Amino acid sequence: MASSSHPNNVGILAIDIYFPPTCVQQGALEEHDGVSKGKYTIGLGQDCMAFCTDVEDVISMSLTVVTSLLEKYNVDSKQIGRLEVGSETVIDKSKSIKTFLMQVFEESGNADIEGVDSTNACYGGTAALFNCVNWVESSSWDGRYGLVVCTDSAVYAEGPARPTGGAAAIAMLIGPDAPIVFESKLRGSHMSHVYDFYKPNLASEYPVVDGMLSQTCYLMALDSCYRLLCEKFEKLEGRPFSISDSDYFVFHSPYNKLVQKSFGRLYFNDFQRNPSFVDEVSRNALAPFASLSGDESYRSRDLEKANQQAAKHVYDAKVQPGTLIPKQVGNMYTASLYSAFASLLHNKHDSLVGKRVVMFSYGSGLTATMFSFRLQEGQQPFNLSNIVKLMNVSDKLKQRIEVTPEKFVETLKIMEQRYGAKDFVTSMDCSYLHPGTFYLTKVDSMYRRFYSKKDTMSR
Ligand SMILES: CC(C)(COP(=O)(O)OP(=O)(O)OC[C@H]1O[C@@H](n2cnc3c(N)ncnc32)[C@H](O)[C@@H]1OP(=O)(O)O)[C@@H](O)C(=O)NCCC(=O)NCCS
């Protein structure tokens, strides 16, 4: 454990991810929903979608991932001094998910852990992460680790948004001398009041979503954050920033097509700022759009297509490596951006030392920040290769159970009835779950929730 004075290179020391093993293939869902073939797989760019059955929820997933991270890295529970949770899945309007997680620390007697939950759509995880990093960098830091948890189950009412669901929880250990270091000065935020996606009906888990508006808001916030990040870079470095100054770009991913559009948009930003930032073929392709006003540019479908096409070769190198888990698991709300980052680690871990990664976090409503990481090898056990080995993304994806769309729809119906209900026992069917996974057993007449852990000896 590092000393409590002068923390340097504060950032992420370790990451673990959990997603439910139950999933539905997007191709099968297209057929089931009677939409044209390719709409979800090519049109939205999604391969598969994870979902919680009646025995899993945001609390069980976060219990699983926190326990797993502490065990894998052999971190003593007493060494955690702050625990922050990001989530937009409301289970209780007052009691935080963080307080449920305190059960993990009970045995060690450590109740001295600051932090509660942060909520604003998919941005809560980023707020939680910034809070933890700020704590480690502050004068109130006591030398212990911070722990950030992003946990969400994304489910939509029947209709066009339903295939953009997903579920996961991510845990990130925060401290000094990290392999994933914040470039704290390189940051741009954009926040405003919009009704693009929100959850006003407290009796339902489903959001009210204006899909097209949320897409435009995302792109406008992206433009604004990128402009600010570029300005800050120029002030610090005395030269302009362009896409070539970062090795990778990682985006919050409600569905992959939006990530493709977003990177195209960054590419167009570079072209507008200085045409020499892009190659000659792209300059020619984008020239007809150079005089569009801001509003016109968000509406132009031709520009959207031209951007994606022009940026494709750079997208393949700088964005695609961070798309695996979001395409396979779906939108994980607060966990989405960090699962995209986990995908990048998984795909490129042996060549990431010294590299810069620009991250874009977006939460409807709206709140957005673009920020930057610098990667370094780190010290055992907190080094990049070990993080990738212990996350074990390949096996987690391989060991999933594909269920039929009918079963998926049936499960969502049960969850609709259970949402906000009391006095019931779950199916307790944890046959799909891996040993060590927490699951919900019952909710009593006082709405109190009870969880068990699948025996590590059972199969
Ligand atoms: C994204 C969303 C609006 C799409 O629903 P929709 O209106 O039915 O979908 P569209 O008709 O626009 O089709 C989606 C895409 O698939 C394409 N498509 C449709 N059918 C296709 C097919 N058979 N083959 C290939 N592509 C197809 C469309 O052209 C479109 O692509 P484009 O945007 O590049 O033009 C909807 O899923 C939604 O609201 N999701 C939630 C959004 C969200 O998560 N917001 C909050 C977080 S930011």
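Just wondering, is there one or more residues in the range 370-382 that are among the aliphatic types (A, V, I, L, M) and not in a helix (DSSP H, G or I)? First the steps, then the outcome.
Quick first cut of the range 370-382, residues among the aliphatic types (A, V, I, L, M) only: 370, 375.
Keeping just the survivors that are not in a helix (DSSP H, G or I) gives 370, 375.
Yes: one or more hits.
Can you name the helices (runs of 4 or more DSSP H) wholly within the range 38-130 that have at least 3 residues being buried (at least 18 other Cβ atoms within 10 Å of the Cβ)?
Numbers: elements: 58-72, 97-101, 103-106.
Counting at least 3 such residues, we get 58-72, 97-101.
Part of a loop (DSSP other than H, G, I, E, B) and at pLDDT below 95 - does that describe any residue in the range 398-409?
Taking the range 398-409 as the starting set, the residues that turn out to be part of a loop (DSSP other than H, G, I, E, B) are 399-400, 403-404.
With at pLDDT below 95 added as a condition, the list becomes none.
Looking through the range 398-409, none of the residues is part of a loop (DSSP other than H, G, I, E, B) and at pLDDT below 95.
Testing ILE243 on (1) touching a residue at least 24 places away in the same chain (Cβ under 8 Å); (2) more than 18 Å from THR334 (Cα to Cα); (3) within 16 Å of the ligand (Cβ to nearest atom), one condition comes back false. Which one is that?
If we test ILE243 against (1) touching a residue at least 24 places away in the same chain (Cβ under 8 Å); (2) more than 18 Å from THR334 (Cα to Cα); (3) within 16 Å of the ligand (Cβ to nearest atom), just (3) comes out false.
Report whether or not THR22 is modelled with pLDDT of 95 or more and either within 16 Å of the ligand (Cβ to nearest atom) or open to solvent by 10 Å² or more (accessible area, probe 1.4 Å) (or both). Quick ask: steps written out before the conclusion?
Values: modelled with pLDDT of 95 or more: yes; either within 16 Å of the ligand (Cβ to nearest atom) or open to solvent by 10 Å² or more (accessible area, probe 1.4 Å) (or both): no.
Taking the combined requirement at face value, the residue does not satisfy it.
Cβ contacts < 7 Å: first residue of a type in the set (D, E, K, R), restricted to the range 148-171; second residue near the ligand (Cβ under 8 Å from one of its atoms) and open to solvent by 10 Å² or more (accessible area, probe 1.4 Å), any location; separation 6+ or different chain. Result?
Within 7 Å, the pairs are ARG162/TYR156.
Considering every residue within the range 90-107, establish whether at least one is small (Gly, Ala, Ser), within 16 Å of the ligand (Cβ to nearest atom) and under 22 Å from ARG448 (Cβ atoms).
Quick first cut of the range 90-107, residues small (Gly, Ala, Ser) only: 94, 96.
This time we only want the ones that are within 16 Å of the ligand (Cβ to nearest atom), so: none.
Scanning the range 90-107, I find no residue that is small (Gly, Ala, Ser), within 16 Å of the ligand (Cβ to nearest atom) and under 22 Å from ARG448 (Cβ atoms), so the answer is no.
Given the options GLY165, GLY146, GLY188, GLY175, name the one that is within 11 Å of the ligand (Cβ to nearest atom), open to solvent by less than 10 Å² (accessible area, probe 1.4 Å) and in contact with a Phe, Trp or Tyr (Cβ under 8 Å, 6 or more places away or on another chain). Please lay out each step first, then the result.
On the way: GLY146 fails: within 11 Å of the ligand (Cβ to nearest atom); GLY188 fails: within 11 Å of the ligand (Cβ to nearest atom); GLY175 fails: within 11 Å of the ligand (Cβ to nearest atom).
Unique residue meeting the criteria: GLY165.
Residues of the range 49-61 being within 16 Å of the ligand (Cβ to nearest atom) and touching an Asp or Glu at 6+ places or on another chain (Cβ under 8 Å), which ones? First the steps, then the outcome.
Residues of the range 49-61 within 16 Å of the ligand (Cβ to nearest atom): 49-51.
Scanning the range 49-61 gives no hits.
Among ASN331, ASN347, which is open to solvent by less than 10 Å² (accessible area, probe 1.4 Å), under 16 Å from SER253 (Cβ atoms) and not hydroxyl-bearing (Ser, Thr, Tyr)?
Numbers: ASN347 fails: open to solvent by less than 10 Å² (accessible area, probe 1.4 Å).
Being open to solvent by less than 10 Å² (accessible area, probe 1.4 Å), under 16 Å from SER253 (Cβ atoms) and not hydroxyl-bearing (Ser, Thr, Tyr) holds for just one of ASN331, ASN347, which is ASN331.
Is it the case that TYR40 is of a type in the set (Phe, Trp, Tyr), over 18 Å from LEU390 (Cβ atoms) and under 23 Å from the mean Cα position of the chain (by Cα)?
Answer is yes for this residue.
Which ranges mark the helices (runs of 4 or more DSSP H) fully within the range 237-318 that have 1 or more residues being of a type outside the set (Ser, Thr, Tyr) and closer than 22 Å to ALA368 by Cβ? Step through it out loud before you land on a result.
Working: elements: 256-273, 280-286, 294-299, 301-318.
In the range 237-318, 256-273, 294-299, 301-318 are the helices (runs of 4 or more DSSP H) which contain 1 or more residues that are of a type outside the set (Ser, Thr, Tyr) and closer than 22 Å to ALA368 by Cβ.
Taking the stated definitions as given, is THR64 within 16 Å of the ligand (Cβ to nearest atom) and closer than 30 Å to ASN201 by Cα? Give the derivation first.
Numbers: within 16 Å of the ligand (Cβ to nearest atom): no; closer than 30 Å to ASN201 by Cα: yes.
No.
Could you please let me know if VAL155 is under 21 Å from GLN260 (Cβ atoms), within 16 Å of the ligand (Cβ to nearest atom) and within 20 Å of the chain's Cα centre (by Cα)? Reasoning before the result, please.
Details: under 21 Å from GLN260 (Cβ atoms): no; within 16 Å of the ligand (Cβ to nearest atom): yes; within 20 Å of the chain's Cα centre (by Cα): yes.
When the stated conditions are applied, VAL155 does not pass them.
Quick one: which residue in LEU236, LEU228 is at pLDDT 95 or above, over 23 Å from the mean Cα position of the chain (by Cα) and either within 11 Å of the ligand (Cβ to nearest atom) or closer than 16 Å to GLU183 by Cα (or both)?
Values: LEU228 fails: over 23 Å from the mean Cα position of the chain (by Cα).
None of the other options fit; the residue is LEU236.
Got at least one residue in the range 306-313 being farther than 16 Å from LEU222 by Cβ, touching a residue at least 24 places away in the same chain (Cβ under 8 Å), within 14 Å of the ligand (Cβ to nearest atom) and open to solvent by 30 Å² or more (accessible area, probe 1.4 Å)?
Scanning the range 306-313 turns up at least one residue that is farther than 16 Å from LEU222 by Cβ, touching a residue at least 24 places away in the same chain (Cβ under 8 Å), within 14 Å of the ligand (Cβ to nearest atom) and open to solvent by 30 Å² or more (accessible area, probe 1.4 Å).
Considering (1) open to solvent by 20 Å² or more (accessible area, probe 1.4 Å); (2) in contact with an Asp or Glu (Cβ under 9 Å, 6 or more places away or on another chain); (3) acidic (Asp, Glu), say which one GLU183 fails and leave the rest.
It fails just one condition, (2).
Check the range 214-230 and report whether any residue there is touching an Asp or Glu at 6+ places or on another chain (Cβ under 9 Å), open to solvent by 20 Å² or more (accessible area, probe 1.4 Å) and closer than 26 Å to ARG301 by Cβ.
Yes.
Look at VAL353 and say whether it is of a type in the set (A, V, I, L, M, F, W, C) and either over 19 Å from GLN328 (Cβ atoms) or part of a loop (DSSP other than H, G, I, E, B) (or both). It would help to see each step written out before you state the result.
Values: of a type in the set (A, V, I, L, M, F, W, C): yes; either over 19 Å from GLN328 (Cβ atoms) or part of a loop (DSSP other than H, G, I, E, B) (or both): yes.
When the stated conditions are applied, VAL353 passes them.
The values are calculated or read from the model by the stated rules, or taken from the named source; none is laboratory data. Bear in mind the structure is a predicted one, so any value in this text is a computation, not a measurement. Positions of Cβ are backbone-derived with ideal geometry, glycine not excepted, and every protein chain shown enters the neighbour counts. Note: accessible area is taken over every heavy atom of the protein model, side chains too, but ligands, DNA and RNA are not part of it. Shrake-Rupley method; radii C 1.70, N 1.55, O 1.52, S 1.80 Å.
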